[in-house]
1. On the given criteria, is residue 39 open to solvent by 70 Å² or more (accessible area, probe 1.4 Å), under 17 Å from residue 94 (Cβ atoms) and in contact with a strand residue (DSSP E or B) (Cβ under 8 Å, 6 or more places away or on another chain)?
2. Answer yes if at least one residue in segment 54-61 is surrounded by fewer than 19 Cβ atoms within 10 Å (Cβ to Cβ), part of a loop (DSSP other than H, G, I, E, B), touching a strand residue (DSSP E or B) at 6+ places or on another chain (Cβ under 7 Å) and among the polar types (S, T, N, Q), and no otherwise.
3. Can you name the residue in segment 42-53 that is out of contact with any strand residue (DSSP E or B) (no Cβ under 7 Å at 6 or more places or on another chain) and not aromatic (Phe, Trp, Tyr) and is also surrounded by the fewest Cβ atoms within 10 Å (Cβ to Cβ) among such residues?
4. What residue, of 65, 11, is over 16 Å from the mean Cα position of the chain (by Cα) and closer than 13 Å to residue 105 by Cβ?
5. Report, ordered by the first and then the second residue, all pairs with beta carbons closer than 8 Å, sequence separation of six or more or different chains, a first member in segment 97-124 that is more than 19 Å from residue 50 (Cβ to Cβ), and a second member that is outside any strand (DSSP E or B) and among the aromatic types (Phe, Trp, Tyr).
6. Any residue at all in segment 8-16 that is in a helix (DSSP H, G or I) and modelled with pLDDT under 95?
7. I'd like to check something: does segment 109-122 contain any residue that is modelled with pLDDT under 90 and under 17 Å from the mean Cα position of the chain (by Cα)?
8. Taking residue 99 as the residue in question, decide whether it is within 14 Å of residue 56 (Cα to Cα) and either in contact with a Phe, Trp or Tyr (Cβ under 9 Å, 6 or more places away or on another chain) or open to solvent by 30 Å² or more (accessible area, probe 1.4 Å) (or both).
Amino acid sequence: IQYKVTEYASVTDADGNAVAITITETVDSEAKAELDDLKTVLGSDYTENMVVADVKEVTAPEGTVFPVQITFDVTGVTSGSKVIVLHHNGTEWEKVAVDAVGDGTVTATFESLSPVAIVVEKTAASAAGTTSPKTGTSPVVMMAIFGAVICMAGAVVLTKKERA
């Protein structure tokens, strides 16, 4: 699965007003390098399957009333995904409250903005919809075919028993 922050769906400030934020690729290289050690950054929330989906520089216009709630468009995320949102406060990464995770969206509330990282736990369920590289067939289709073969074999056995 390829995760990526593509844009934002909505942003509201503390007063409920819409805010036009800016999302860019330019992120402090030192802050980004700290994410190479996710285990240290996430502490007890860390699992072996966690990956940094994306890191972006996020800015709001001067005069924005914080906190702001941002709904990011994130490809590859589903409503069942475990997601952690991080914000770099200038010295370290800190966890941000995740308000909601939907199909293709992650919503979080920020007290301030700067580099933002979205970390996603890859799960076996997210791989279930993939196709086999050797056959090009979905595992679900293969199971359906296997079930059909078992049913046909049972029908043949029962038919032969009735004739005997």
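1. no
2. Checked against the condition, which is being surrounded by fewer than 19 Cβ atoms within 10 Å (Cβ to Cβ), part of a loop (DSSP other than H, G, I, E, B), touching a strand residue (DSSP E or B) at 6+ places or on another chain (Cβ under 7 Å) and among the polar types (S, T, N, Q), segment 54-61 yields no hits at all.
3. Top of the filtered list is 44.
4. 11
5. Short answer, once both residue conditions are applied: 110/66; 111/66; 112/66.
6. Of all residues in segment 8-16, those in a helix (DSSP H, G or I) come to none.
Within segment 8-16 (the criterion being in a helix (DSSP H, G or I) and modelled with pLDDT under 95), the answer is no, since none of the residues qualifies.
7. Yes, that holds for at least one residue.
8. No: the conditions fail for residue 99.
The values are calculated or read from the model by the stated rules, or taken from the named source; none is laboratory data. Predicted model, so just to flag it, every value in this text is computed and none were measured. Neighbour counts run over all protein chains shown; Cβ positions are idealised from the backbone, glycine included. Remember, those area values only see protein heavy atoms, side chains included, never the ligands or the DNA or RNA. Shrake-Rupley method; radii C 1.70, N 1.55, O 1.52, S 1.80 Å.
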